[in-house]
Amino acid sequence: MKTTFNLFALSALAFGLLLSSCGTGKKLLVSEARVNQLQKDSISVNNNLKMCQADVLRLNEEKALIEKDLNLLSSESKMTIAEQAVRLKSLQDVIQSQKDVMTGLKNTISEALVNYAADELSVYIKDGNVYVSLAEKLLFKSGSDVVNPKGKEALKSLAEVINNTKDISVMIEGHTDNVPIKTKVFPDNWSLSTARAASIVRILTLDYAFDARRITASGRSEFHPVQPNTTDAGRAVNRRTEIILTPDLKELFRILEQ
C-alpha cells in the first residue's frame, strides 16, 4: 500500500512538473513572437524615418529653389513696376492731352454754332469724342436726303473748325424714328439714314474741302434712339444726324505696344 502511494505521488509530481514546463514554454514562444514583431516594427519605423528624412531634404531643396525664384521674381517685378510707372505716366499725359484737345474743340464748335437753337443742334462730349447732333428740321425735309440751305450754313461753320483741327477722324451717322418709310427712293429707314449721312459727307468733302480720307458715313436707321418713340417730341429728337469727332489714337497704341 505504501509503495502504491509513493508511485502515485511521484506520478503526480511528474505531471505537475510537465504542466509547469508546458506553461513556461508557451510563455517563451509568445515572448519570442513579440520580440520578433517588435524587431520588424523597429525596422519598419527606421525605414519610414529614413523616407521622412529624405522627404525633408527634398522639400528643403525645393524651398531653396522657390526662395531663389521668388527673389529673382521680386527683382524683376521691381523693374517691371518701374517701367510700368513710366508707361502709365506717358499714357496719362497722352490721354490728358487728347482730353484737352477735345474739350477745346467742343468749345470752339459750340461758339461757331452759337446762333442755332437748342432744338436744332447740340454739341457735347461722350466717351472722349465730340458729338455734334443736328436735328432733322435743321438739315432735311421729311423723307428727303437733300440738305437745305440753313443746314449747309451750319455745316460750313463746322467745316471751318474741323478743317483746322489735326489728328481727328469724323464719322457721320444718320438716325431716324421708328415710323416706317417706303418710297421709290427710300424703301426703308436704313436707306434714308444712310443716304442722309452720305449727303453730309459729300457737302463736307466736296463743298468745304474736308479730307475725304478722314471721314466715314453710316446709317443707323431707327435702332439707336435717344428718346422713346412713343411721342411726337421723342420721335423728333430721334430724327437726327450725328457728326462724331474722334481723336487719333495712334500714340496711345504705340505706348501700349511697348
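Whole-Hz Karplus values for the stretch 149-164 come out as x, 5, x, 5, 5, 5, 5, 5, 5, 5, 4, 4, 7, 6, 5, 9 Hz, taken residue by residue from phi with 6.51 cos²θ - 1.76 cosθ + 1.60 and θ = phi - 60°; glycine and proline positions read x.
Computed 3J(HN,Hα) for the stretch 175-191, one whole-Hz value per residue from the Karplus formula 6.51 cos²θ - 1.76 cosθ + 1.60 where θ = phi - 60°, is 10, 10, 8, 9, 7, x, 10, 8, 10, 5, 8, 10, x, 7, 5, 4, 5, glycine and proline marked x. Under a model in which nothing but the beta-carbon of Lys, Arg (+1) and Asp, Glu (-1) is charged, the stretch 96-256 shows a dipole of about 300 debye around its Cα centre.
Too long at a 27 Å Cα-Cα cut-off: which of LYS156/LYS184; LYS152/LYS184; LYS137/LYS184? Pairs exceeding the cut-off: LYS156/LYS184.
The Cα center of the stretch 199-237 and the Cα center of the stretch 91-124 differ in position by 18 Å. Exposure proxy shown here: for GLU136, GLU120, the number of other Cβ atoms within 10 Å sets the order, fewest to most, as GLU120, GLU136. Calculated on the Cα set of the stretch 117-258, radius of gyration then Dmax: 15.7, 54 Å.
All of the numbers you see were taken from the coordinates with simple rules; none came from a lab. Please read all numbers here as calculations on a predicted model, not as lab measurements. Counting neighbours? That spans all protein chains shown, and the Cβs are built from the backbone with ideal geometry, glycine included.
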